[in-house]
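Here the structure comes first, spelled out in structure tokens, and everything after it is commentary.
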Number of protein chains: 2
Amino acid sequence: MSTGFLAVDSGGSGLRAVVGTTDGDGHGPLARRDSPEPVRTGPRGIDPGHLMGQLLPMARALSDETGVTGFGTVVVGAAGLATLGDALRAELPGALARELGVRTVALAADAVTAYVGALGPRAGAVVAAGTGLIAVGTDLTRWRRADGWGHLLGDCGSGAWIGRAGLEAALRRHDGREGGSAPLLARAEERFGPAAGLPGQVYPRADRPAVLGSFAPEVAACAADDPVAAGILRAAARHLADSAAAVCPAGGEPRVAVTGGLLRMGDPLLVPLSEELAKRLPRARWTVAEGGPLDGAVRIATGLATGSLALPSDERMLWVTTVPGGPGPVGP
Amino acid sequence: MSTGFLAVDSGGSGLRAVVGTTDGDGHGPLARRDSPEPVRTGPRGIDPGHLMGQLLPMARALSDETGVTGFGTVVVGAAGLATLGDALRAELPGALARELGVRTVALAADAVTAYVGALGPRAGAVVAAGTGLIAVGTDLTRWRRADGWGHLLGDCGSGAWIGRAGLEAALRRHDGREGGSAPLLARAEERFGPAAGLPGQVYPRADRPAVLGSFAPEVAACAADDPVAAGILRAAARHLADSAAAVCPAGGEPRVAVTGGLLRMGDPLLVPLSEELAKRLPRARWTVAEGGPLDGAVRIATGLATGSLALPSDERMLWVTTVPGGPGPVGP
């Protein structure tokens, strides 16, 4: 029997948990469980009961599998923590203490776990870009974030942003307005049928950002031969660089990473992106992400368990609490 | 007792009906009734039963008031006719024939009644711009339309478009991204509270375009001193001119009118708009709209009743049918 940590990533595609230890030969992650069910968001925000209901059986199974029977530290990276995390902050630490004897709990915004997964505990900026887009940066004294405002108010340069701009260009061509693109119109009609039916396929859907984002790869596919599509990707690259620049620390040679599904767009986006980043942040080193959000949660947990966490604390970004009733590792 | 026409405007703010005659001294509209309840849209599109349920008592009251006891011609201008008008086209003419003895029925898109209200039966282009935006033009042989695709796919330059761009600029400033505006951020926080709460005030709403559009006047109010706000209105003016140019007939000296609530934005929009229209359509004569959509429905009804309607027919734009069973005036 040995004690260890539990690192959790809760997002739109479900819950993932890793157990590990920081002592002896088993240093680092030992085993992992996934649940495909996203944690519910109710009127009080992210539902702590629903999260615990999924996490407990996963934790017990991981305990049986690895022989790690006590979790001194639990780190939960959660999408929506900044704006929807009140109930989680109020109830999760106590519930984890009661059910699993946990003493130190950290709640991290998913953008923070993405950051730490990508760069580790180093100064820099990470742009997490998929259907949406958020940038997080730190100089190791405070966190900064930019965008992440959703498809109507921002997420500039995201998959939904690119796809929406592509569909607008298709309809401009359909109408005979300036700025239209015949190749994008052809792909939009191939994908969604005649243009007149497009509104009916977008507006009634609850997952409008995903529907818009599903057209982004078509924009990338047209970019080599179509200046309108290439212009959309250039503008998206500029928006990504704007967000990176807004959160990147001023001094030193900060690292900058872009993570997330948007990277699958390939060169049509990545070539203008590297140019725009070089223009906007000439001193930054653009690096490949070392890992994903779950890796980030593991790194935070390891840092907390060994008392070596060198990241700033902030209720909405990375919040560490020691549950009363027993001496536990103390956060920064 | 004399026969006449019924002209109807059905839109988001309810149903309005006018009765009139084309013979004798009472030429033109005689009386009007309004109903504040918008006609329902169901799974089959605009609900013909719900429209008839409201229209019949209005028609009977108008008949009592004016002494016009028979309606040879009924014109219904309806929002959404192009995409949601199938049930209306299938059922309304028969229902009007049964209940009111009507012989000629015209169904017009609200953009067409707006056009005819603004310019009469003349060649030109009309941009109807409020929360949304649609442009309609004709050379008197066919109708053309541009935009009207809604707040995610188009409505470029509309109130929702301007307000959304203004809120994005406010949040850019909040994040420290390029292109932000301090005056717009101040007005957004005055209006919606701290920026962090803005997504929660927009995304859960069913009337998101209206919420976005409600911020458009703040953009106009900032434009004199804020180059970001002025740039948004300049871009909106360009989009309006794009749509006007796409539908405007090529020959002659076409008339161009802009109608709708967006005109209330005043000079901050109208000055760049007149410049952009002059650039894009140098031969067009920008004119003030003569009337609104209900005036357009009256003009179409008068033209049909007197056999002088000189507008092109088109199922989705202006569709005229003579109900079998009696000789009635014939449309174009």
### Task
For the stretch B:90-98, state whether one or more residues are within 22 Å of the chain's Cα centre (by Cα) and either over 22 Å from A:Pro199 (Cβ atoms) or surrounded by 15 or more Cβ atoms within 10 Å (Cβ to Cβ) (or both).
yes
When the stretch B:223-236 is checked residue by residue, the ones that are assigned to a helix (DSSP H, G or I), in contact (Cβ under 8 Å) with a residue 24 or more places away in the chain and surrounded by fewer than 24 Cβ atoms within 10 Å (Cβ to Cβ) are B:Val228, B:Ala230, B:Arg234, B:Ala235
If we keep only residues of the stretch B:1-21 that are β-branched (Val, Ile, Thr) and crowded, with 21+ Cβ neighbours inside 10 Å, then the residue nearest to the chain's Cα centre (by Cα) is B:Val8
If we ask which residues in the stretch A:67-89 are under 24 Å from the mean Cα position of the chain (by Cα) and not hydrophobic (A, V, I, L, M, F, W, C), their number turns out to be 7
Of those in the stretch A:249-289 that are closer than 30 Å to A:Thr321 by Cβ and out of contact with any helix residue (DSSP H, G or I) (no Cβ under 6 Å at 6 or more places or on another chain), the residue surrounded by the fewest Cβ atoms within 10 Å (Cβ to Cβ) is A:Pro249
The residue from A:Arg187, A:Arg173, A:Arg164, A:Arg191 that alone is of a type in the set (D, E, K, R), under 25 Å from the mean Cα position of the chain (by Cα), at pLDDT 95 or above and in the same structural domain as A:Gly137 (by TED's automatic domain parsing) is A:Arg164
A careful count of residues in the stretch A:170-181 that are closer than 14 Å to A:Gly231 by Cα and in a helix (DSSP H, G or I) gives 1
Of the listed residues (B:Ala31, B:Ala61), the one being assigned by TED's automatic domain parsing to the domain that holds B:Ala97, touching a strand residue (DSSP E or B) at 6+ places or on another chain (Cβ under 9 Å), surrounded by 13 or more Cβ atoms within 10 Å (Cβ to Cβ) and closer than 23 Å to B:Ala114 by Cβ is B:Ala31
inquiry  = Here is a check on your reading of the model: is B:Pro121 within 22 Å of B:Glu315 (Cβ to Cβ) and either more than 27 Å from the chain's Cα centre (by Cα) or of a type outside the set (Val, Ile, Thr) (or both)?
reply    = yes
In the stretch A:158-190, anything small (Gly, Ala, Ser), within 11 Å of another protein chain (Cβ to nearest Cβ) and in contact (Cβ under 8 Å) with a residue 40 or more places away in the chain is listed as A:Ala160, A:Gly163, A:Ala165, A:Gly166, A:Ala169, A:Gly179, A:Gly180
For A:Leu140, the lone unmet condition from (1) in a helix (DSSP H, G or I); (2) on the phi > 0 side of the Ramachandran plot is (1)
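Per-residue answers, yes or no, for (1) on the phi > 0 side of the Ramachandran plot; (2) assigned by TED's automatic domain parsing to the domain that holds A:Ser10; (3) out of contact with any Gly (no Cβ under 8 Å at 6 or more places or on another chain):
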residue	(1), (2), (3)
A:Gly72	no, yes, no
A:Gly77	no, yes, no
A:Gly80	yes, yes, no
A:Asp86	no, yes, no
A:Arg89	no, yes, yes
A:Pro93	no, yes, yes
A:Glu99	no, yes, yes
A:Ala129	no, no, no
A:Leu133	no, no, no
Worksheet item: Within the bounds of the stretch A:87-98, is there any residue that is in a strand (DSSP E or B) and among the aliphatic types (A, V, I, L, M)?
Response: no
Every listed condition ((1) within 14 Å of chain B (Cβ to nearest Cβ); (2) touching a strand residue (DSSP E or B) at 6+ places or on another chain (Cβ under 6 Å); (3) surrounded by fewer than 18 Cβ atoms within 10 Å (Cβ to Cβ)) holds for A:Ala82 save (3)
Taking the stretch A:237-268 and keeping residues closer than 17 Å to A:Ala114 by Cα, within 14 Å of another protein chain (Cβ to nearest Cβ) and part of a helix (DSSP H, G or I) leaves A:Leu240, A:Ser243, A:Ala244, A:Val247
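Residue-by-condition table, conditions (1) more than 30 Å from A:Leu171 (Cα to Cα); (2) at pLDDT 95 or above:
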site: A:Leu212; (1), (2): no, yes
site: A:Cys222; (1), (2): no, yes
site: A:Asp226; (1), (2): no, yes
site: A:Ala245; (1), (2): yes, yes
site: A:Gly251; (1), (2): yes, no
site: A:Leu273; (1), (2): no, yes
site: A:Ala289; (1), (2): yes, no
site: A:Pro312; (1), (2): yes, no
_Just to be sure before I move on: is A:Ala31 aliphatic (A, V, I, L, M) and not in a strand (DSSP E or B) in the structure I sent?_
no
Conditions (1) modelled with pLDDT of 95 or more; (2) under 20 Å from B:Leu273 (Cβ atoms); (3) touching a Lys or Arg at 6+ places or on another chain (Cβ under 9 Å) -> B:Leu107 fails only (2)
Within the stretch A:290-321, residues of a type in the set (Val, Ile, Thr), surrounded by 17 or more Cβ atoms within 10 Å (Cβ to Cβ) and under 23 Å from A:Thr141 (Cβ atoms) come out as A:Ile300, A:Thr302, A:Val320, A:Thr321
If you go through A:Ala146, A:Ala106, A:Ala118, A:Ala125, the only one that is away from every other protein chain (no Cβ under 14 Å), buried (at least 24 other Cβ atoms within 10 Å of the Cβ), in contact with a strand residue (DSSP E or B) (Cβ under 6 Å, 6 or more places away or on another chain) and in a strand (DSSP E or B) is A:Ala106
Among B:Gly77, B:Gly49, B:Gly124, the single one that is in contact with a Pro (Cβ under 7 Å, 6 or more places away or on another chain) and farther than 17 Å from B:Ala297 by Cβ is B:Gly124
Report task. Return yes or no: is B:Ala135 among the hydrophobic types (A, V, I, L, M, F, W, C) and more than 9 Å from every other protein chain (Cβ to nearest Cβ)? Result -> no
Within the stretch B:34-65, the residues that are hydroxyl-bearing (Ser, Thr, Tyr), outside any strand (DSSP E or B) and either free of Cβ contacts under 8 Å to residues at least 12 places away in the same chain or farther than 18 Å from B:Leu6 by Cα (or both) are none
Selection over the stretch A:196-219 where residues are in a helix (DSSP H, G or I), more than 11 Å from chain B (Cβ to nearest Cβ) and surrounded by fewer than 21 Cβ atoms within 10 Å (Cβ to Cβ) yields a count of 2
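The values are calculated or read from the model by the stated rules, or taken from the named source; none is laboratory data. On a predicted model such as this, the values are computed, not experimentally measured, just so you know. We place every Cβ from the backbone using ideal geometry, glycine too, and count neighbours over all the protein chains shown.
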